[in-house]
1. Take Val99 and decide whether it is β-branched (Val, Ile, Thr), within 30 Å of Gln476 (Cα to Cα) and either touching a His at 6+ places or on another chain (Cβ under 7 Å) or assigned by TED's automatic domain parsing to the domain that holds Ser219 (or both).
2. Could you tell me which residue of region 550-564 is farthest from Pro499 (Cα to Cα), considering only residues that are modelled with pLDDT of 95 or more and in a loop (DSSP other than H, G, I, E, B)?
3. Of the residues in region 65-88, how many are over 18 Å from Tyr181 (Cα atoms) and not in a helix (DSSP H, G or I)?
4. Determine if region 107-127 includes at least one residue that is of a type in the set (A, V, I, L, M), within 21 Å of Ala72 (Cα to Cα) and out of contact with any strand residue (DSSP E or B) (no Cβ under 8 Å at 6 or more places or on another chain).
5. Checking Val598 against (1) closer than 28 Å to Ala350 by Cβ; (2) at pLDDT below 95: exactly one of these is not met. Which one?
6. Return the only residue of Thr239, Thr263 being among the β-branched types (Val, Ile, Thr), over 30 Å from Phe464 (Cβ atoms) and in a loop (DSSP other than H, G, I, E, B).
7. Take Val609 and tell me if it is at pLDDT 95 or above, assigned by TED's automatic domain parsing to the domain that holds Phe496, in a loop (DSSP other than H, G, I, E, B) and not acidic (Asp, Glu).
8. Only one of Lys492, Lys482 is outside any loop (DSSP other than H, G, I, E, B), surrounded by fewer than 17 Cβ atoms within 10 Å (Cβ to Cβ) and not acidic (Asp, Glu). Can you tell me which?
Amino acid sequence: MKKCNDVFGHSRALILATALLFAVVLVPQPETAAHDAMSTHDAVANIRERIARSGALDQVNALTVEEILPMATDEERDALGTRHVRFEVNVPVHVYLFVDQRFGDALAHDVFWLDDQGFVKTDMHAARGSERFDVYTRDYAVGPVGLGVNSLSGDNRHYFVALAPVNADDVVAISGLYPGYLKVGTLDVGVNVFTSHDMGPVTAVPEALKGATLVRVDSGRHRDARLTNVYTETPYPATTIPDQITLTWSDNPQTTQTVQWRTNVDVKTGVVAYMEETENDLFDVAGAAIVEAVTRELYTPRVINDDRIHRHTAMLTGLTPGTRYVYGVGADAESISVASGVFTTAPATAQPFTFVYMGDPQNGFEQWGKLVRQAERDRPEAAFCLIAGDLVNRGADRDDWDDFFHNASGYFARRTLTPVLGNHEYQLFDGTLLYNDIFTLLTNGPNTIPPQHAYSFEYSNALFVVLDSNQGPADQTAWLDKTLAGSDATWKFVSFHHPIYSSSPRRDNPIHRKEWMPLFEKHQVDMVLQGHDHAYLRTWPMKDNKPVNSTDEGVIYVVSVSGTKMYDLGAFDYAATAFADTATYQAIDIEIDGNRLVYRAYDINENCVDEVIIEK
């Protein structure tokens with residue numbers, strides 16, 4: 001290792017015929033009562049499955065919306081057109097839909113339900129910056145209002161909704177909002193019509209609709225019903241042999257360890273066999289403790305060569321702190337003949353330790369895998385690996401995750417993975433995050449955002465806080481304040497995806513800086529570990545938005561990237577060290593003797609390209 005020099009065969013007709021046959025014969029729809037009608041999720045899943053089974057990858061991805069729409073049954077068409085957004089109104093209302101103008105001529109097929117439901121285009125328009133929206137309207141009586149999916153292509157911005165009473169003296173009240181992410185507001189210029197905190201406000205609305213009741217939608221749900229060009233093949237399909245073996249924490253790192261892996265669906269069960277490792281002992285299943293795993297199916301119909309897999313998860317409990325264990329996974333104890341990996345529980349008292357931190361892998365997994373293997377060679381004692389978001393490029397595509405795990409080469413079977421949600425993990429898979437289907441993580445974060453999205457843990461004499469910068473920062477501020485205040489750890493680390501201080505010349509996240517930076521300074525956080533901007537930057541110690549002389553006074557912020565996707569580097573006064581076009585991993589050593597933190601960044605050629613030492 002080098003020293004640091006610087007301190008601090010079917011035709012399209014046959015595909016269509018086959019898909020229609022599936023619609024009528026091979027995938028019969030269950031009878032449903034009126035109160036248990038088909039959901040849009042199920043309608044999309046049914047159609048995707050039929051398409052995926054109907055031909056080769058390039059052929060099914062070539063199908064257009066016009067060709068796909070006739071494949072839907074009447075029940076599926078109704079679900080797609082009436083059950084994406086639902087609520088009830090207390091008085092008769094005019095409902096106004098603001099629809100992205102970019103649909104153009106494709107609107108008739110892509111948002112087919114506008115015509116089905118009798119919506120009429122008005123001469124009104126709205127704008128959000130350069131985006132333009134046409135306004136469609138129809139009246140609804142007292143009771144339910146059901147609106148359809150944004151589009152079948154997944155293209156263009158999601159529509160948003162406004163309501164006005166038919167009778168001017170009435171006051172509109174909305175109840176029964178579904179899905180739960182919908183929010184009610186008042187339409188006007190300067191109002192954010194989407195629930196996403198990073199979406200800017202509308203800049204123009206029709207004068208006649210100012211003050212109307214607004215139903216804010218999640219702009220990220222515009223691809224919930226995407227049916228075109230979404231099918232993939234994974235180069236690494238699941239088999240009966242366990243793979244993607246990954247260690248995470250979902251409880252106390254001193255006494256528990258969570259183990260996850262996948263198999264194909266022929267393997268119905270899973271177990272973990274584990275034992276304390278001694279210097280000369282081999283792994284012996286006969287003498288090991290056995291824990292049964294929870295096995296569940298992960299169905300991803302868009303992966304046409306491997307659409308159903310089983311994911312197995314087991315949490316080992318009652319472990320001894322500061323102890324090294326060896327373990328194996330399999331369908332049952334009899335199927336385990338060799339060890340799958342090792343782990344060491346967190347110490348009960350302050351002990352020296354090392355962890356690895358990486359910015360976005362995202363792209364170029366083969367090259368990233370070389371960096372991972374280098375990190376393991378150089379820091380075999382690392383307790384865990386923290387990745388600050390964008391683990392993959394396409395978070396809704398399971399083949400991307402398969403690529404990520406394959407190129408990690410079992411690294412996460414030998415040290416715990418501590419993941420952070422990036423914006424690319426927020427690409428929705430059937431309305432959910434595939435990230436949450438893959439990982440089992442701590443759920444001790446704020447109840448104002450989904451479980452597993454933010455969490456904290458202590459390891460030795462250090463506190464680690466993971467935040468979700470895709471969610472509203474203000475929704476996590478109170479929990480962050482309480483968590484930092486409640487720990488007397490010597491070292492405090494916080495990690496999230498979008499940087500407080502960007503390395504890019506065209507990016508900034510002032511809302512995160514406003515909400516979170518004062519708490520980092522108040523509670524004397526040592527380092528904030530981030531990603532997103534794909535160029536390396538380490539700040540001077542920062543306080544009150546200015547560089548200060550000492551880490552006793554300020555907080556150090558780092559942006560790094562470990563994959564092959566690179567961005568331009570900006571010139572900033574807050575940068576102590578910065579460089580572009582360099583994938584790195586960071587090794588952070590916590591030394592108890594002398595209370596030192598030694599931070600080093602290494603490139604793919606094993607050069608130490610940055611170093612900083614903090615002493616307390």
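1. Values: β-branched (Val, Ile, Thr): yes; within 30 Å of Gln476 (Cα to Cα): no; either touching a His at 6+ places or on another chain (Cβ under 7 Å) or assigned by TED's automatic domain parsing to the domain that holds Ser219 (or both): yes.
Against the criterion (β-branched (Val, Ile, Thr), within 30 Å of Gln476 (Cα to Cα) and either touching a His at 6+ places or on another chain (Cβ under 7 Å) or assigned by TED's automatic domain parsing to the domain that holds Ser219 (or both)), Val99 does not qualify.
2. The initial filter retains those residues of region 550-564 that are modelled with pLDDT of 95 or more, namely 554-564.
Filter once more, so that each one left must be in a loop (DSSP other than H, G, I, E, B): 554, 560, 562-564.
Details: Gly554: 16, Ser560: 10, Ser562: 16, Gly563: 17, Thr564: 19 Å.
Here the residue is Thr564.
3. If we filter region 65-88 for residues that are over 18 Å from Tyr181 (Cα atoms), which is where we start, we get 65-81.
Next cut, not in a helix (DSSP H, G or I) only: 72-73.
So the count comes out to 2.
4. From region 107-127, those of a type in the set (A, V, I, L, M) are 107-108, 111, 114, 120, 124, 126-127; that's our starting set.
If we keep only those that are within 21 Å of Ala72 (Cα to Cα) as well, we get 107-108, 111, 114.
Checking the rest, the ones that are also out of contact with any strand residue (DSSP E or B) (no Cβ under 8 Å at 6 or more places or on another chain) come to 108.
So far as region 107-127 goes, yes, one or more of its residues are of a type in the set (A, V, I, L, M), within 21 Å of Ala72 (Cα to Cα) and out of contact with any strand residue (DSSP E or B) (no Cβ under 8 Å at 6 or more places or on another chain).
5. (2)
6. Working: Thr263 fails: in a loop (DSSP other than H, G, I, E, B).
After applying the criteria, what remains is Thr239.
7. Working: at pLDDT 95 or above: yes; assigned by TED's automatic domain parsing to the domain that holds Phe496: yes; in a loop (DSSP other than H, G, I, E, B): no; not acidic (Asp, Glu): yes.
It is false that Val609 is at pLDDT 95 or above, assigned by TED's automatic domain parsing to the domain that holds Phe496, in a loop (DSSP other than H, G, I, E, B) and not acidic (Asp, Glu).
8. Values: Lys492 fails: surrounded by fewer than 17 Cβ atoms within 10 Å (Cβ to Cβ).
The match here is Lys482.
The values are calculated or read from the model by the stated rules, or taken from the named source; none is laboratory data. What you see is a predicted model; the values in this text were computed from it and never measured. Cβ sites come from the backbone with ideal geometry, for glycine too, and all protein chains shown count toward neighbours.
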